[in-house]
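Q: Take a look at this one; I'll ask things after.
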Amino acid sequence: MQCASELQEAGLPCPIVSVGSTPTATYAQRMDGITEVRAGVYMFFDLFMAGLGVCQIEDIALSVLTSVIGHQPDRNWIITDAGWMALSRDRGTAKQRIDQGYGVVCDLAGRPIDDLIVAETNQEHGIIADRHGRAVDLARFPVGTLLRILPNHACATAAQHSHYNVIAHEPVVEAVWPRFNGW
């Protein structure tokens, strides 16, 4: 706002005063004189924002539904049908205090499961493992089990999809919101 004031005092018009970022939208106490807020992932949050302390993991409102399609017992891996085409390649949490891999694994209600993360991805498959390399009880996750993955970056993940399925009470889809795509 100070820059806009200085421009206006110098006789230069400044009709648009724009601020941005999820932390700004979250913590700003006043926005007097601001004409635009670029709020980022403010309405969804994501693991990167949780890593910054802007939100809690429980606040993340965007997830990707995936199915268990197999196991690799010798590696303690659960294989899913959500790879980087569904989750994105974003590894934004890799340099944060807690590396969340390609996403945190949750049950259908969105509650994180133990220390499971999507440790690796290829185009169509996600590989779920324990973040500390411990053994995973694969019998808890038979083929067909539905899981939710919380993304590192909501924008990059949402860009992989044509719409949002809005779910307030499991497992009913209450609305479908189309996304607009392209730049």
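Q: Is there any pair linking a residue in segment 135-164 that is surrounded by 15 or more Cβ atoms within 10 Å (Cβ to Cβ) to one that is among the hydroxyl-bearing types (Ser, Thr, Tyr) and assigned to a strand (DSSP E or B), with Cβ under 6 Å and at least six apart or on different chains, and which?
A: Leu147/Thr66; Ile149/Thr66
Q: Another question, if that's okay. Among the residues of segment 130-162, count how many are over 15 Å from the mean Cα position of the chain (by Cα) and under 26 Å from Ala39 (Cα atoms).
A: Step one: of segment 130-162, the residues over 15 Å from the mean Cα position of the chain (by Cα) are 130-146, 162.
Okay, now just the ones that are also under 26 Å from Ala39 (Cα atoms), so 162.
Number satisfying all stated conditions: 1.
Q: Against the conditions (1) touching a helix residue (DSSP H, G or I) at 6+ places or on another chain (Cβ under 6 Å); (2) within 22 Å of Ala109 (Cβ to Cβ); (3) buried (at least 21 other Cβ atoms within 10 Å of the Cβ), where does Ile60 fall short? Just the number, please.
A: (1)
Q: Show me the strands (runs of 3 or more DSSP E) entirely contained within segment 123-169 in which 3 or more residues are of a type in the set (A, V, I, L, M). Lay out the reasoning, then the answer.
A: Details: elements: 126-130, 146-150, 163-166.
Once the strands (runs of 3 or more DSSP E) in segment 123-169 are filtered for at least 3 residues that are of a type in the set (A, V, I, L, M), what remains is 126-130, 146-150.
Q: So, in segment 1-19, how many residues would count as being surrounded by 11 or more Cβ atoms within 10 Å (Cβ to Cβ) and in a loop (DSSP other than H, G, I, E, B)? It would help to see each step written out before you state the result.
A: Applying the first criterion (surrounded by 11 or more Cβ atoms within 10 Å (Cβ to Cβ)) to segment 1-19 yields 1, 4-8, 14, 17, 19.
The next check asks that each one be in a loop (DSSP other than H, G, I, E, B); those that pass are 1, 14, 17.
The total comes to 3.
Q: Next question, about the same structure. Specify which of the listed residues (Pro73, Pro112) is under 11 Å from Ile149 (Cβ atoms) and either out of contact with any helix residue (DSSP H, G or I) (no Cβ under 9 Å at 6 or more places or on another chain) or surrounded by fewer than 21 Cβ atoms within 10 Å (Cβ to Cβ) (or both). So that I can check it myself, show each step before the final result.
A: Values: Pro73 fails: under 11 Å from Ile149 (Cβ atoms).
Just a single option satisfies the conditions, and that option is Pro112.
Q: If I filter segment 28-39 for residues that are closer than 26 Å to Gly101 by Cβ and either outside the structural domain of Lys95 (by TED's automatic domain parsing) or in contact (Cβ under 8 Å) with a residue 60 or more places away in the chain (or both), do I get at least one hit? Break it down stepwise before answering.
A: From segment 28-39, those closer than 26 Å to Gly101 by Cβ are none; that's our starting set.
The answer is no; no qualifying residue exists.
The values are calculated or read from the model by the stated rules, or taken from the named source; none is laboratory data. Treat the numbers as computed from the prediction; the structure is a model and nothing was measured. Please note: Cβ atoms are built from the backbone with ideal geometry, for glycine as well, and neighbour counts cover all protein chains shown.
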